[in-house]
Amino acid sequence: MDPLSALSIATSIVQFVDFSGRIIFGTWQIYRSPSGLSGDHADLGEITQTLQSLGSKMTSRALSDTVEHERELKVLCDNVNAVAQELLDQANLELPSKWESCLKALQSVWSQQKIHELAQKLDGFRQQLTLLLVIILREEVYSSRVLTQDNIARTHRELTDFVKGSRDWQRDMANALQRQQEQQSTSETRETARYTPTEIASFGRDFDLRNSPQDFSRYLMASLRFDGIEDRYDTISQRHQQTYEWIFQPPQEGNNSWVDFSRWLESASPLYWVTGKAGSGKSTLMKFVHDDPRTRQHLAASSHLPILTASHFFWNSSIQIQMSQIGLLRTLLGALLGQCKLYATVAFPHQWEAFSLLGLFYQKNDWTWTELERGLIRLLRHLASHSLVFLLIDGLDEYNGDHTDLVMFLKKIASDESLNIKICVSSRPWVIFQDAFCCDPSLQMEYLTMPDMLQYTTEMLEVNRGHTELVAEEPEFSNHLIQQIAGRASGVFLWVVLVVRSLLSGITNGDGIVDLQTRLDSLPEDLGAVFQRMLDQIDPTYRTQASEILQVFRAADRRPTILTLAFADYPDLPAALAHPIEPIPLEKLDSKIRRARRRLESRCMGLLEVSSGSFTEKSRVSYLHRSVKDFLEGNTTWSKITAGLSAGYDADLCLSKSYLMQLKT
């Protein structure tokens, strides 16, 4: 049988089953006809004509008894025609008038049991039909190379438009397609299908369908992205000037504490582990490696293949997906497919088949870990022969799940010899990561950053005018102070940053040598104690406002903008509701966000900060560091932060007022 006939018959059955289902379930309402005839007869006449029209298209004479799916379609066609005739017989009866629906009409001549049986038949037809449609589309439509392609394409569009308009048909067709794909993937032979999904993808462009591989790629990329996908990268501090240059230089002779990173990039070794204490600068180093062109240059030095890169920065201070495995895979897949869009059909052949056959596509929340993992593996295997893939994954310890699963996934792809990849990961030195990566090339930050801390401290102090004046009086003291800071840091770069800020504040206020030494000696070496000290230094007048800011910040679904915090202290809800809808003048907007930034700095003492980069109303606020989040959101500290606030304070309500004001202005 020619493909057009099989597809046309199946499409007619789809339309009949749906149309009849509407009748059975009472979705066709009957109204009075303007012609004066009773509305029920006017509508029943239309129904009769539709049933007769659909029935005339459902002829099984052209179907073959030798082809299995055509034989099944023939039996289905005969059964459906029997039901169609049954409905026609009832529609032609002389029935009472003033019915509210066709369902009520049928109830007047059929029992509830009869209607229920008919509904079950229709549902059974649909279940059979969905599988047959998938087979017809796969076996006959896609395998055809005949001159009737225009007609096939037109019929195909009619079917896909119909399916996309019905959630029930979408679900059933997608399920049928999935069953076929699963059967095919587990079958030892390919007798069940002439073409695999990948082969369909390869010649989909040649077939005259609206759903092209390019369209599929666009939909796929959109479904992989999520709000905040770049938030963590944006919040990581850039390295200070020429710090961290050692990462691209060989270790000093006799220093066996770390493996030469540049040499690793040029080697066949698949995985490198960057580890270090909290606040030691791991993420800053990873961002530097990600951005610096020397990374690609070293990768290219040992490979004649093009280099593709993808990165993910886990972040426990962000939205849930940013710290999940699904977020990891969506980010990596999106980055890689952004560099080779035509391979979307290779990575996700089953989704491509559903898209090309039926116009169906996954929504953002439909992705599962299994589907994404398989998609990434397919893509990496396909790329292996003509690309070298470099994956950079920061903050494994910030993953919000079972770290064993994450480690197993990374070790699996790193050890897969069919893949041509290199993976650089970073984490705190937790036992689970030590056990997993102890045999891989690695480095530990706190053993390598002493020169960087000295350089940072020196350069930050030297640009301060007060420090220049102090050096003129006591030239030896400055060097001594710098050495003390780096020596007491114990490899925690964040501690150095906080200490330098404190000292600069003192220098600006005219502190002398003794004052600065006292200030340094009074600063605890534990980060948690430093954060507590920063909280204690908040002006008592501002502590209630600081608590409100921190609560609003924590209540937000993702990092709030500075404008969100600016509007969060709007007087009250009635005032926000009564506020007119009008744009805020740019001068007033600029003044508002700058005042909000000053309030943030004075009330939170640097524990919250505006992301680096150009400062606008869209600039987002974040914790100074992951360790700040751990400290502030701990039960003991958070209880102290919220203590003393009135019982009526509602951070969620303040956020709602802020969002309302932003919509209005």
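Take the residues of the range 460-477 that are part of a helix (DSSP H, G or I) and under 11 Å from residue 500 (Cβ atoms): which is modelled with the lowest pLDDT?
467
If you go through the range 362-380 one residue at a time, do you hit one that is farther than 25 Å from residue 265 by Cβ, out of contact with any strand residue (DSSP E or B) (no Cβ under 9 Å at 6 or more places or on another chain), outside any helix (DSSP H, G or I) and among the hydroxyl-bearing types (Ser, Thr, Tyr)?
yes
If residue 621 satisfies every condition in (1) of a type in the set (A, V, I, L, M); (2) part of a helix (DSSP H, G or I); (3) in contact with a strand residue (DSSP E or B) (Cβ under 6 Å, 6 or more places away or on another chain) but one, which is the exception?
(2)
Scan the range 564-600 residue by residue and report those that are surrounded by 13 or more Cβ atoms within 10 Å (Cβ to Cβ) and under 18 Å from residue 547 (Cα atoms).
Answer for the range 564-600, where residues must be surrounded by 13 or more Cβ atoms within 10 Å (Cβ to Cβ) and under 18 Å from residue 547 (Cα atoms): 564, 565, 566, 567, 568, 569, 570, 596, 597, 599, 600.
Residues of the range 249-280 being free of Cβ contacts under 8 Å to residues at least 40 places away in the same chain, of a type in the set (Gly, Ala, Ser) and in contact with a Lys or Arg (Cβ under 8 Å, 6 or more places away or on another chain), which ones?
262
Does any residue of the range 253-263 turn out to be hydroxyl-bearing (Ser, Thr, Tyr), modelled with pLDDT of 95 or more and surrounded by 15 or more Cβ atoms within 10 Å (Cβ to Cβ)?
The answer is yes, given that some residue of the range 253-263 is hydroxyl-bearing (Ser, Thr, Tyr), modelled with pLDDT of 95 or more and surrounded by 15 or more Cβ atoms within 10 Å (Cβ to Cβ).
Restricting to the range 285-326, name every residue that is part of a loop (DSSP other than H, G, I, E, B) and farther than 28 Å from residue 622 by Cβ.
302, 303, 304, 305, 306
Yes or no: the range 369-381 includes at least one residue that is within 25 Å of residue 261 (Cα to Cα), in the same structural domain as residue 422 (by TED's automatic domain parsing) and touching a residue at least 24 places away in the same chain (Cβ under 8 Å).
no
What do you reckon, is residue 546 in a helix (DSSP H, G or I), out of contact with any strand residue (DSSP E or B) (no Cβ under 8 Å at 6 or more places or on another chain) and under 13 Å from residue 603 (Cβ atoms)?
yes
Which of the residues spanning the range 227-284 are under 24 Å from residue 492 (Cα atoms), of a type in the set (S, T, N, Q) and in a loop (DSSP other than H, G, I, E, B)?
Within the range 227-284, 237, 238, 241, 242, 243, 249, 252, 255, 256, 257, 280 meet the criteria.
The values are calculated or read from the model by the stated rules, or taken from the named source; none is laboratory data. Given the structure is predicted, the values throughout are model-derived calculations rather than measurements. Positions of Cβ are backbone-derived with ideal geometry, glycine not excepted, and every protein chain shown enters the neighbour counts.
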